[in-house]
1. So if I check each of Y59, Y5, which one is among the hydroxyl-bearing types (S, T, Y) and without any contact (Cβ under 8 Å) to a residue 60 or more places away in the chain?
2. Could you tell me which of the residues L49, L83, L76 is modelled with pLDDT of 90 or more and among the aliphatic types (A, V, I, L, M)?
3. Every residue in the range 15-74 that is over 21 Å from C3 (Cα atoms) and among the charged types (D, E, K, R), please.
4. In the range 26-56, what residues are at positive phi and free of Cβ contacts under 8 Å to residues at least 24 places away in the same chain?
5. Got a sec? Which strands (runs of 3 or more DSSP E) wholly within the chain have at least 2 residues that are among the acidic types (D, E)?
Amino acid sequence: MYCRYYQARVNEKDCWFFVAIMRSFEHLMFDRTLDKKTSTFEFFVPAGLEVYFLQVMDYFIAHKIVSDLKQYENRLQNPAETL
């Protein structure tokens, strides 16, 4: 079973804060910068923790730190993809 997969843009000036806070939530998700130029991050979220992940993301969206949060099919399900 694959993790749920999300992408979101993070306000560039708040990236350091965002990363620090997200890393404090152990095992909530694996995050990675997908595109540094647009501050787009990708998130691999265990299905059992998706509700909590979305609650945290709702907080960041409300405070205009995160925008454009979208769920996609997990790109690692494609055998040609790599991290």
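1. Y59
2. On inspection, the qualifying residue turns out to be L49.
3. K36, K37, K64, listed by residue number.
4. Residue satisfying the conditions is H27 alone.
5. Because the criterion is at least 2 residues that are among the acidic types (D, E), the strands (runs of 3 or more DSSP E) in the chain that meet it are 30-35.
The values are calculated or read from the model by the stated rules, or taken from the named source; none is laboratory data. All values derive from a computational prediction rather than experimental measurement. Here the Cβ is made from the backbone with ideal geometry for all residues, glycine too, and neighbour counts use every protein chain on show.
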